[in-house]
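None of the figures in this text is laboratory data; all of them are computed from the coordinates on show. A quick note: this is a predicted structure, and the numbers were derived from the prediction, not measured. Because the Cβ atoms are built from the backbone with ideal geometry, glycine has one as well, and the counts that use them run over all protein chains shown.
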Amino acid sequence: MKSFLPAIAGAAVLISLLSPPSASAHPHVFAEARLEVVAGADHAVTELRNVWRFDEVFSSSVLMDFDKNGDLKLDHSELQDIANTIRSSLGDYGYFTFITASGATVKVKKPEVFNADFKENRLLVFFIVKPEKPIPLTGNLSFGVHDPTLYTSIDFKSDSDLVQSGTGWKDCKRTVVRPNPDEVLKQNQNMLTEAFFSDPSGTDYGKLFAVRLELAC
């Protein structure tokens, strides 16, 4: 399974840095994230707002690749190229946004809003995804952001970086789940074999370690 990140690499430096992961994959790219889950007065989730702030090493590589005029800055058109490339690449991975409603996976639409910026030597992306259908605020809901291959570490530094907004949440109890990696490995040691990691159909082992927002409504 390939991560989305090699697709935004136009030069050899990024291709070598972000080559597809193997069975021994571990994060090579790091991003701090914020996720806002929006529900309206109709008591349904209508959109998820994502902000990612990438590490300086990866950000500098993106700058070198997309700075077409060589001025060591990213102008509006260059930033838009980055945003469009990431949006296109993420499609095969559900835009790294994962939702379940009472245990059932909820797919999301292609984002209409997707922007990029470059501040303090860090690449930032901002985008909104919407579920294919509004999600009623009933039962158990789970929202998370992760790279299925674990090649990119998407971290929520604080529980306050996973938030709900809108008027429909008053009857929902919120929990932020932060899996303990050692416990995950211990509980899944029979599954995490060489065959599991080498499965040509792809394996979403990232979800085992991903921070997520859970809501009981």
Mean Cβ neighbour count within 10 Å, used as a protection proxy, ranking 30-36, 100-106 highest first: 30-36, 100-106
Label-point separation in nm, Asp92 to Asp117, each point 7 Å along Cα→Cβ: 3.1 nm
Label-to-label distance, nm, for residues given as Ser102 and Asp75 (7 Å Cα→Cβ offset): 5.4 nm
Ranked packing of 174-181, 39-46, 163-170, most packed first, by mean Cβ within 10 Å: 39-46, 163-170, 174-181
FRET efficiency estimate (nearest 0.05) - Cβ-Cβ, Asn140 to Gln187, R0 25 angstrom: 0.80
Lys pairs, the stretch 92-168 - Cα-Cα below 26 angstrom, 8 or more residues apart or on other chains: 10
